[in-house]
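Chemist: Got a structure for you, written out below as structure tokens; questions coming shortly.
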């Protein structure tokens, strides 16, 4: 169950989502929203980056490479439609699911860039098992 955010954090996350041109909030922004001051600082640093040529080019490269990989594989949902239909998924539900998955796929490059930015803002913390 998702934890409720402070009103200040919720407003900043919503604003960030809109400014990034997304219809779904990046999970990395939502994850740090529990710490509104850190979220505000991270967003303050992220916003100028989102306006750069490098950001636009990186998002385009990620989008192209993702599209290329996904086109080479059978979509997991293509393998499930019959089963889901037998379990009661209607055509309207199927279309809503397709639309939702397409929206998530389209936002993936920006989500990846936001997560990478936050990783850098955090100082690239060492993960368990990384020491070596």
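The values are calculated or read from the model by the stated rules, or taken from the named source; none is laboratory data. Worth saying up front: this structure is predicted, and the values here are computed from it rather than measured. As a convention, Cβ positions derive from the backbone with ideal geometry for all residues, glycine included, and neighbour counts pool all protein chains shown.
Chemist: Out of 15, 82, I need the residue that is over 30 Å from residue 4 (Cβ atoms) and in a helix (DSSP H, G or I). Which one? Step through it out loud before you land on a result.
Modeler: Working: 15 fails: over 30 Å from residue 4 (Cβ atoms).
Residue meeting the stated conditions: 82.
Chemist: Can you work out which of the residues in segment 22-47 that are touching a helix residue (DSSP H, G or I) at 6+ places or on another chain (Cβ under 7 Å) and not in a helix (DSSP H, G or I) is farthest from residue 101 (Cα to Cα)?
Modeler: 33
Chemist: I would also like to ask the following. Anything in segment 96-117 that is at pLDDT 85 or above and more than 10 Å from the chain's Cα centre (by Cα)? List them, or say none.
Modeler: The answer is 96, 116, 117.
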